[in-house]
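A.B. asks: Dumping the structure here so I can ask a few things about it.
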Ligand SMILES: *Cc1c(COP(=O)(O)O)cnc(C)c1O
């Protein structure tokens, strides 16, 4: 970066680290405004956003329909708490159940809260419906998982950074290798209430399990009377070219755990969606959230569901995703080792002999393309689903140029 253009950025980067702990290591880019697939930094430089807030911005920055819904709601009613009803609640829940083909929606705020909700519901279902002895419930999870940052959730993470020194950990979780159906079968016993799984492991580097795995997990869960909890917080809502990543194998989980894009990149909105036979175990006082299902969240979330109901974004993700993956595959052997993913979602392993994932991200940022590294030499691309073919080609070309000059 040229210093004359970077004065505000340098200052803003310094300031941003000054009054906060170092629990993040952001790229040296300070964004001031954004529209669609593009962001502009404090020095007026523009970048193509190929991370999209880890899929929280599936519809791009400030999608006009979502912003209009938010504005209209801000002018009318923003919060009631669930102590009272409000007039945006029913439509949100009904339209989201229709999108998911389920009976009920339990709205929360963050993804981690949706996961926590899924765990609580699965345990209560286990005791009340399945008949698991008190305090014996077990949940099977996968190695390399990312389900959020709460103390319970990090306890069954296999990433030392996420987990270490945050114990004592919540018991009741069994960790098996990801993609290994036999391991799941072997881990299930009479105490097992759920298998909690990401249909594609995003944080792990966009790891796609072997074909037939999800369908197999569904089969095993059904046969053993175990709930399938699909964490579609990052993989869902159009990202992979279908509404849900589970759709690629015709799999319907017992509970969908949703978040990120459900809030349209405007407000945190998460939800657990399932049938009455499962979610119906909760009674007043047993679970909740002050902000969950608030009017502003419902206004935006309903509009998100309406965008998805058209199928347009899923189609774009499938078509443009094919183009993205073809472009990235052409870089294999030219600094790229492997490419994984589905739809507009890709994990790219860079040859570590050339440069680290972090270095690749920094150099791409200098060239006006924002992506994020994960686990050493992997970079992850998840552009907003409103990105154009030409913009995608541009991003791939910039990655090619970075690798060529390394
Ligand atoms: C981001 C993410 C979460 C956690 O969501 P937060 O809103 O950050 O709490 C959980 N699961 C998956 C798969 C995610 O990608």
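The values are calculated or read from the model by the stated rules, or taken from the named source; none is laboratory data. Everything quoted here is computed from the prediction, not taken from an experiment. Every residue, glycine as well, gets a Cβ built from its backbone with ideal geometry; the counts of neighbours run over all protein chains shown.
A.B. asks: What is the one condition in (1) surrounded by 23 or more Cβ atoms within 10 Å (Cβ to Cβ); (2) more than 21 Å from the chain's Cα centre (by Cα) that residue 166 does not satisfy?
C.D. replies: Among (1) surrounded by 23 or more Cβ atoms within 10 Å (Cβ to Cβ); (2) more than 21 Å from the chain's Cα centre (by Cα), the lone unmet condition for residue 166 is (1).
A.B. asks: Determine, yes or no, whether residue 384 is buried (at least 24 other Cβ atoms within 10 Å of the Cβ), modelled with pLDDT of 95 or more and assigned to a loop (DSSP other than H, G, I, E, B).
C.D. replies: yes
A.B. asks: Please go through region 227-256 and give me each residue that is part of a loop (DSSP other than H, G, I, E, B), within 12 Å of the ligand (Cβ to nearest atom) and over 13 Å from residue 270 (Cβ atoms), ordered by number.
C.D. replies: 235, 239
A.B. asks: Condition (residue is assigned to a helix (DSSP H, G or I), in contact (Cβ under 8 Å) with a residue 60 or more places away in the chain and touching a helix residue (DSSP H, G or I) at 6+ places or on another chain (Cβ under 8 Å)) applied to region 263-273: is it met by at least one residue?
C.D. replies: There is at least one residue in region 263-273 that is assigned to a helix (DSSP H, G or I), in contact (Cβ under 8 Å) with a residue 60 or more places away in the chain and touching a helix residue (DSSP H, G or I) at 6+ places or on another chain (Cβ under 8 Å).
A.B. asks: Going residue by residue through region 129-137, is there one that turns out to be under 20 Å from residue 295 (Cβ atoms) and in a loop (DSSP other than H, G, I, E, B)?
C.D. replies: Scanning region 129-137 turns up no residue that is under 20 Å from residue 295 (Cβ atoms) and in a loop (DSSP other than H, G, I, E, B).
A.B. asks: Within region 149-207, which helices (runs of 4 or more DSSP H) (wholly inside it) include 3 or more residues that are within 16 Å of the ligand (Cβ to nearest atom)? Give the derivation first.
C.D. replies: Numbers: elements: 151-155, 160-163, 181-187.
Per the criteria, 151-155, 160-163.
A.B. asks: Something else: For region 15-25, check the following and say yes or no: at least one residue is within 16 Å of the ligand (Cβ to nearest atom) and either in a loop (DSSP other than H, G, I, E, B) or at positive phi (or both).
C.D. replies: Yes, some residue in region 15-25 is within 16 Å of the ligand (Cβ to nearest atom) and either in a loop (DSSP other than H, G, I, E, B) or at positive phi (or both).
A.B. asks: So residue 334 clears everything in (1) in contact with a helix residue (DSSP H, G or I) (Cβ under 7 Å, 6 or more places away or on another chain); (2) within 17 Å of residue 384 (Cβ to Cβ); (3) surrounded by fewer than 20 Cβ atoms within 10 Å (Cβ to Cβ) except one condition, right? Which one?
C.D. replies: Every condition holds for residue 334 apart from (2).
A.B. asks: Residues in region 119-126: is at least one buried (at least 17 other Cβ atoms within 10 Å of the Cβ), in a loop (DSSP other than H, G, I, E, B) and either assigned by TED's automatic domain parsing to the domain that holds residue 196 or within 12 Å of the ligand (Cβ to nearest atom) (or both)?
C.D. replies: No - not one qualifying residue is present in region 119-126.
A.B. asks: Does any residue of region 211-224 turn out to be within 13 Å of the ligand (Cβ to nearest atom), surrounded by 24 or more Cβ atoms within 10 Å (Cβ to Cβ) and more than 17 Å from residue 109 (Cβ to Cβ)?
C.D. replies: no
A.B. asks: Hey, among the residues in region 1-14 that are part of a loop (DSSP other than H, G, I, E, B) and surrounded by 10 or more Cβ atoms within 10 Å (Cβ to Cβ), which one's modelled with the highest pLDDT?
C.D. replies: Here the answer is 6.
A.B. asks: Out of curiosity, is residue 134 surrounded by fewer than 17 Cβ atoms within 10 Å (Cβ to Cβ) and more than 11 Å from the ligand (Cβ to nearest atom)?
C.D. replies: Taking the combined requirement at face value, the residue satisfies it.
A.B. asks: Let me ask something additional. Name the pairs whose Cβ atoms lie under 8 Å apart, with the first residue in region 79-101 and outside any loop (DSSP other than H, G, I, E, B), the second surrounded by fewer than 16 Cβ atoms within 10 Å (Cβ to Cβ), and 6 or more positions between them or separate chains?
C.D. replies: 95/306; 95/309; 97/103; 98/309; 99/309
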